[in-house]
Structure formats: C-alpha cells, structure tokens
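The values are calculated or read from the model by the stated rules, or taken from the named source; none is laboratory data. This structure is a prediction, so every number in the text was calculated from the model and none was measured. Please note: Cβ atoms are built from the backbone with ideal geometry, for glycine as well, and neighbour counts cover all protein chains shown. Ligands, DNA and RNA are excluded from the accessible area calculation, which covers all protein heavy atoms including side chains. Shrake-Rupley method; radii C 1.70, N 1.55, O 1.52, S 1.80 Å.
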Amino acid sequence: MIRVRSSSPHLQQEVDVLNLNPRPIPMGPAELERVVRRQTEQDYDPDPPRCGTCLYFTLGSWGQRAIEAKKGRGIEHLQRCTFGNFHTTVRGVCDEWRTRAGERLEGSSHGAGVADG
C-alpha cells in the first residue's frame with residue numbers, strides 16, 4: 001500500500017499497488033466539514049449533465065463493441081449522440097441534454113414549444 005498525495009487535500013487517496021484501485025482516505029469530522037463547506041462555496045456538482053449521462057448518448061450496439069474488442073481496438077469511436085447523429089465523448093456537453101427519464105435542463109431554450117415526452 002502506498003499513499004498518493006494530490007494538491008487538493010480532499011483528493012488524497014491510498015492506492016493498492018497490486019491492482020491500483022483508489023480508495024478514499026478516511027477523514028475526521030473537521031476535515032469532512034471543511035471539504036463539504038468548500039464544495040458548497042464552489043457550487044461543486046459531482047455528477048453534472050454531460051453526454052455520458054444523457055438519454056441520447058450511445059456506445060454502439062453490443063455486437064459493435066464485441067467486434068471491436070475482438071480486434072483489440074477501443075470503443076471511443078462508437079460513442080455517438082443519437083439526437084444530432086455525431087461523434088461525441090462521455091465528457092461532452094450540449095443544450096439538448098436529457099435524463100434517462102427524458103427530463104430536460106432548466107433554462108434550456110432549445111426545443112421551446114416542443115412537448116417533452
């Protein structure tokens with residue numbers, strides 16, 4: 001077990017050398033309170049709306065992914081937006097984002113007058 005220290009105190013992690021799975025270092029109540037306060041001050045969102053969590057995002061079909069795995073290639077080129085029919089990444093962002101339930105972002109002006117459903 002080795003300790004890796006980052007520039008941010010709340011991102012300190014222990015890394016298991018054998019399988020490199022990061023695990024958060026336990027924090028005391030004072031440290032945790034300080035981290036939560038900083039996140040609140042910065043309006044931190046651990047799961048912001050992005051292509052990877054959008055209804056329209058796809059990684060291609062199971063068959064496509066299986067073929068690429070057999071060929072030893074990645075699947076990044078299979079990542080697409082089915083709404084706009086273009087290549088994207090899981091970290092991409094646009095104004096057409098919707099939850100898996102079909103809910104839109106507040107304040108989105110695109111598609112005004114179009115019924116959600």
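Which order do the peptides 31-39, 53-61 take when ranked by the mean count of other beta-carbon atoms within 10 Å per residue, highest first?
53-61, 31-39
Quick one: order Ile75, Ile67 from most to least accessible surface, probe 1.4 Å. Don't jump to the answer; show the numbers that get you there.
Details: Ile75 50, Ile67 90 Å².
Result, largest first: Ile67, Ile75.
How much of the accessible area of the stretch 29-86, probe 1.4 Å, is carbon plus sulfur, in whole percent?
On the way: 2430 of 4350 Å².
About 56 percent, which is the carbon plus sulfur part of the accessible surface.
With every atom except the alpha carbons ignored, what do you get for Rg and Dmax of the stretch 53-104, in angstroms?
Final numbers for Rg and Dmax: 12.1, 38 Å.
Provide the gained length on full extension for the span Thr89 to Ile75, in nm with one decimal, where the gain is 0.36 nm per separating residue minus the Cα-Cα distance.
Working: separation 14, 0.36 × 14 = 5.04 nm, distance 1.05 nm.
Taking 0.36 nm per residue and subtracting the Cα distance, the gain is 4.0 nm.
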